[in-house]
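Heads up, the thing below is written out as structure tokens.
The values are calculated or read from the model by the stated rules, or taken from the named source; none is laboratory data. Here the structure is a predicted model, which means the values were calculated and not measured. Every residue, glycine as well, gets a Cβ built from its backbone with ideal geometry; the counts of neighbours run over all protein chains shown. Note: areas computed on protein heavy atoms with side chains; ligands, DNA, RNA excluded. Shrake-Rupley method; radii C 1.70, N 1.55, O 1.52, S 1.80 Å.
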Number of protein chains: 2
Amino acid sequence: MSPDLLQQLYQLLGPKGVVTEGIEQRTTDGWGNNDCLASVILRPTTTQQVSDIMRLCSAEGQKVVTQGGCTNMTHACDTSRDELVISMERMTVIESVDNSNRTMTVQSGVPLQHIQERAESEGLFFALDLGARGSATIGGNIATNAGGNQVIRYGMAREQVLGLEVVLADGRILSSMNQMLKNNAGYDLKHLFIGSEGTLGIVTRAVLRLRSRLPVATTALVATDQFSKMPRLLNHMESALGGKLGAFETLWQSYYRIAYGGEQQTSPPLPVDYPFYILLESTGIDAQQDREQFLAALETAMEQELICDAVLAESQHQQQGLWAVRDNIPSLQPYQPIILFDISLPLSEMENYLEEMEANIREIDSSLFIATLGHLGDGNLHVAVQLGNDQPERRKAVELAVYGPLQQRGGSISGEHGIGLEKKPYLHLCRSEVEIQLMEQLKKLLDPQCLLNCGKVIE
Amino acid sequence: MSPDLLQQLYQLLGPKGVVTEGIEQRTTDGWGNNDCLASVILRPTTTQQVSDIMRLCSAEGQKVVTQGGCTNMTHACDTSRDELVISMERMTVIESVDNSNRTMTVQSGVPLQHIQERAESEGLFFALDLGARGSATIGGNIATNAGGNQVIRYGMAREQVLGLEVVLADGRILSSMNQMLKNNAGYDLKHLFIGSEGTLGIVTRAVLRLRSRLPVATTALVATDQFSKMPRLLNHMESALGGKLGAFETLWQSYYRIAYGGEQQTSPPLPVDYPFYILLESTGIDAQQDREQFLAALETAMEQELICDAVLAESQHQQQGLWAVRDNIPSLQPYQPIILFDISLPLSEMENYLEEMEANIREIDSSLFIATLGHLGDGNLHVAVQLGNDQPERRKAVELAVYGPLQQRGGSISGEHGIGLEKKPYLHLCRSEVEIQLMEQLKKLLDPQCLLNCGKVIE
Ligand SMILES: Cc1cc2nc3c(=O)[nH]c(=O)nc-3n(C[C@H](O)[C@H](O)[C@H](O)COP(=O)(O)OP(=O)(O)OC[C@H]3O[C@@H](n4cnc5c(N)ncnc54)[C@H](O)[C@@H]3O)c2cc1C
Ligand SMILES: Cc1cc2nc3c(=O)[nH]c(=O)nc-3n(C[C@H](O)[C@H](O)[C@H](O)COP(=O)(O)OP(=O)(O)OC[C@H]3O[C@@H](n4cnc5c(N)ncnc54)[C@H](O)[C@@H]3O)c2cc1C
């Protein structure tokens, strides 16, 4: 970076706004093991400052990487020496909550959890939740179109965003801070930026949709003996609970066996020898009625032999215990190095996909451990595959074994985590030539110098 | 159009695929009073044919207008003599329903109602509904991002679309037929085309999301005395019904008084002297439980003085009667010429907006009749304003009276119907300069010759 540019940036942002020391200690992803290579981190506090930064950078052809909470899992925030970081860590203002319109207006650096808590304190609810809630920012959630645990009922980050403010590569401020559920006045530009991982613009502010808070959660863990029963169970539970089903999280035996040992558990909530487990949760307002309805739905499922075992949580503590099994990704640690895949595919293709994929892995090395879990209701699977060794060839072979069979089944190499750097070589396996052409055309239109997260996703 | 091009089109589509007679009898909008001026209508049956048409047309610079069911309300399908029509009337195949994945794959010319019926026959539900269901096509619904009566619960057309196939202006086929709820592999291109009113591409096929069918509807009409109680009632009902609220349709006294005389009604369901009426509907699975819950919620609302009168439909016949009041737009006929506006704005701004707007209209002519109704839960109002006379100056004065006060309130000139030709002159009132620049950049990128619906929405 030219000393001249650095000088101008100091002038613009003041000493607190420009960090040049201790940068390599910062990590850039959710695994916590990537050093930040950039030599300067900028910490703007306003949209105008972000705009001014981009005017200066675009005049000099200076490349930037935007960082939110750096909890991504795809090397999406990696930097090279000659890139600048724009960190959203000081853009953390919740500007307003409109109770009547049920919206919240925020700066993009606000951590997800602060938004959830603020909504709750207003008697409302923000319908996005994921494990990294404490450090992930709403800007990062939007930039990655994050999913999480409530997608079947409420949709992904995209569905929670009504309005967006974005700074473009040339410094123009695109203010599209719509506050309504409905606005069909011309093209809905916000969708260009949601899920584009910081490659088309820098999200600076957003208007979020809030909803009614449904205070009662009813949670169960059930087991079944055949894959094909799970989609039927999903349909059954959705109908029988009248649309109240919020989570349908599936754990394969492979994952369940190692994960049940989570924190407070001593013995598994259900025996460990069923092939499939499903964590079910409904949310509503009437604890007793919801419980009765849930029990009745499970009984019918049992009668129809859709499930062969079930346990209903009797307390919040037990609910947390069931979720702890689902969330015990750290239990995979002993199998490191592993890759945690995040694929999605039509439910009707899932069973035979998994067979083919596992056969592929066995062909590489039949001793490699595979654990599968997923947001089955969304078609989204997380498959953890042990690498055995961390050689690039091994990594590549495993990636091809997993991604290859998606292609003819209309699957995707990323359900929710995005492409970043990590999955870029495989994008063509799930996107057609014309799709990729059009992505490149959009990138060129909005960022002709390739200044924003250059080299990530496409290009 | 060059005779050469016509010849090639005949060869491509055969005699059934090219219509040159009786065209002026066709209407191009939902009012049924616009002649189709084009001299040729093309009727392709496959995506490949649409692609071939666009290759020929782009080679010759021939402009086209895509027509679905022609039920739009914004002159979006108007044609000039030198434009070709591409009609979707023969692309009406429902290709498949995947019960396990809960998706339906269709050609874009399928009428909305056929999709609803097919979903129902599979025990599932397609969550988009609007009055023009019999003739409106799914392609038109997608191209206009149609709303309708269930938006607070299920979202607009956009939220019902998982995958899309689009023919671009140069004939390239963009096949983005994703079948999953979650797919974050690169930019989600379908959103560019949803709601862009045929100006960026021609929708040829789609993958639609289906949901559980909730067979029980509970319907009530209530009245209240203050505007400010309506948003509070909305919050209350959403909480008290645990997210089951599907419709929250508001009728101002001005509309209610003339509309209640609908078909089977002899006397109004509630007295006509309340300032505001709200049609409430929840959907669920247990008739008795839902009814009790609904009654309890209304009782609380009554105790809290949020409402002052209420009637709960006791039969399907009575339900239809209540909806007939809401839907009796034809009762506005005697006030013709009128403009039926379709604005949206934050709920918190609505009351003072309406005051200012009505004062503006009174200033033009204090005898002009104004009737207001709306999907209040979505911030979307339909305001019918009598013109008195159909002079262009009068029309313009009324449009400015309605659109002007939206600007400082963050409102939109179109909640659901879109811009078409009709609202184009006012787009700048609700979109910033940068937003319009970017829309123009996108149009230029995707349709550099301005062949697709040229002159609609933006230039
Ligand atoms: C424990 C754990 C659980 C997780 N669970 C889930 C889950 O259930 N579902 C799911 O979808 N994801 C999950 N993730 C990954 C997820 O993508 C992130 O947690 C989150 O959405 C990223 O937010 P962030 O602020 O950390 O973004 P970062 O990691 O900082 O950035 C991610 C990408 O967005 C860009 N970006 C960030 N902020 C902006 C901005 N303001 N403007 C433009 N671009 C920006 C970055 O350049 C980068 O490309 C999980 C991660 C962890 C560590
Ligand atoms: C009685 C009535 C009630 C209505 N209620 C509602 C309502 O509640 N909510 C609401 O949002 N709207 C409503 N509308 C208007 C609504 O926009 C349309 O009914 C519907 O969505 C348009 O579908 P269509 O097939 O008739 O489209 P058309 O009128 O044929 O076309 C509309 C626009 O889409 C484009 N288009 C059509 N098909 C394609 C395609 N395949 N590819 C690309 N572009 C295409 C056209 O070029 C045009 O710009 C109503 C209309 C009527 C008459």
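To one decimal in nm, how far is A:PRO3 from the same spot in the other copies, if labels go 7 Å from Cα toward Cβ? Please give the shortest first.
7.6
Return the tail of the calculated pair distribution for region B:320-459, meaning the percent of Cα-Cα pairs more than 22 Å apart.
Every Cα pair in region B:320-459 considered, those over 22 Å come to 45 percent.
On a 0 to 90° scale, report how tilted helix B:3-13 is relative to the longest principal axis of chain B, with both axes built from alpha carbons and the result rounded to the nearest 10.
The angle comes out at about 70 degrees.
Can you work out which chain B residue has the shortest Cβ-to-axis distance for the rotation that carries B onto A, and give it in Å?
Here the value is B:HIS191, 2.
Would you kindly enumerate the cysteines in chain B that have no other Cys beta-carbon under 4.7 Å from their beta-carbon?
B:CYS36, B:CYS57, B:CYS70, B:CYS77, B:CYS308, B:CYS430
Once you have the Cα-Cα distance between A:ASN99 and A:LEU6, take 0.36 nm times their residue separation minus that, and quote the gain in nm to one decimal.
29.2 nm
Which value at 222 nm does chain A reach when only helices count, each DSSP H run of 4 or more adding -39,500 (n - 2.57), with the total divided by all residues and rounded to the nearest 500 deg cm²/dmol?
Taking each H run of at least 4 residues, the total per residue is -9000 deg cm²/dmol.
Considering all alpha-carbon pairs of chain A, what whole percent are spaced by more than 27 angstrom?
Taking all Cα-Cα pairs of chain A, the fraction more than 27 Å apart is 57 percent.
Quick check: net charge around A:TYR274, other residues with Cβ under 14 Å of its Cβ, Lys/Arg +1 and Asp/Glu -1?
After counting each charged neighbour, the total is -2.
Give me the tail of P(r) for region B:86-218 as a percent: Cα-Cα pairs with distance above 22 Å.
Value for region B:86-218 (Cα pairs over 22 Å): 30 percent.
In the structure shown, do any of A:LYS16/A:LYS424; A:LYS190/B:LYS456; A:LYS63/A:LYS190 have a Cα-Cα gap over 31 Å, and if so which?
From the list (A:LYS16/A:LYS424; A:LYS190/B:LYS456; A:LYS63/A:LYS190), the Cα-Cα distance tops 31 Å for A:LYS16/A:LYS424.
At 7 Å along the Cα-to-beta-carbon direction for both B:GLN316 and A:GLU440, put a label point, then send me their distance in nm to one decimal.
5.6 nm
Measuring from label point to label point, each 7 Å out along Cα→Cβ, what is the B:TRP31 to A:GLN336 span in nm?
Roughly 6.9 nm, to one decimal.
In Å, the Kirkwood hydrodynamic radius of region B:176-249 over pairs of distinct alpha carbons?
Kirkwood radius, region B:176-249: 16.8 Å.
Between A and B, buried accessible area summed over both sides at probe 1.4 Å, in Å² to the nearest 100?
Buried surface at the A/B interface: approximately 7100 Å².
Report relative contact order for region B:57-146 in percent, whole number only (criteria: Cα-Cα under 8 Å, sequence separation at least 6).
Reported as a whole number, the value is 27 percent.
Hey, could you get me the Stokes-Einstein D for region A:216-327, Kirkwood radius over alpha-carbon pairs, 20 °C and 1.002 mPa s, rounded to whole µm² s⁻¹?
Here the translational diffusion coefficient equals 154 µm²/s.
Tell me the trypsin sites (Lys or Arg not before Pro) within region B:56-143 that lie in a loop according to DSSP and have at most 11 other beta-carbon atoms within 10 Å.
Loop-located and lightly packed - B:ARG81.
Please compute the modelled spin-label separation between B:ARG394 and A:ARG362, points set 7 Å along Cα→Cβ, answer in nm with one decimal.
Going from the A:ARG362 label point to the B:ARG394 one covers 8.0 nm.
Using alpha carbons only, how many degrees (0 to 90, rounded to 10) separate the axis of helix B:316-326 from the longest principal axis of chain B?
70 degrees
How would the protein assembly as shown be classified by its alpha-carbon gyration tensor: rounded, prolate or oblate, with rounded meaning a/c under 1.5 and the a/b versus b/c comparison settling the rest?
Cα axes put the protein assembly as shown in the rounded bin.
In region A:201-297, what trypsin sites (Lys or Arg not before Pro) fall in a loop by DSSP, with at most 15 other Cβ atoms inside 10 Å?
Here no loop site has a sparse enough neighbourhood.
Remind me, relative contact order of chain B in percent, using alpha carbon pairs under 8 angstrom and six or more residues apart?
15 percent
Would you mind classifying region A:292-381 by shape? Square roots of the alpha carbon gyration tensor eigenvalues, ordered a ≥ b ≥ c; an a/c under 1.5 is rounded, otherwise it is prolate if a/b is larger than b/c and oblate if not.
Oblate shape, in that a/c is at least 1.5 and b/c is the bigger or equal ratio.
When DSSP assigns beta bridges and you keep just the ones with both residues in region A:3-90, what percent turn out antiparallel, to the nearest 5?
Rounded to the nearest five, the antiparallel share is 30 percent.
Between copies, how far apart are the A:ALA287 label points? List them in nm, one decimal, shortest first, with each point 7 Å from Cα toward Cβ, please?
The projected label point of A:ALA287 is separated from its counterparts by 3.2 nm.
Placing a label point 7 Å from Cα toward Cβ, how far apart in nm is A:GLN226 from its equivalents in the other copies, listed shortest first to one decimal?
In ascending order, 6.1 nm.
Using alpha carbon centroids, what distance separates region B:56-104 and region B:281-356, in Å?
Taking the Cα centre of each part, region B:56-104 and region B:281-356 sit 34 Å apart.
Could you tell me the convex hull volume per residue, in Å³, taken over the Cα atoms of region A:1-108?
117 Å³
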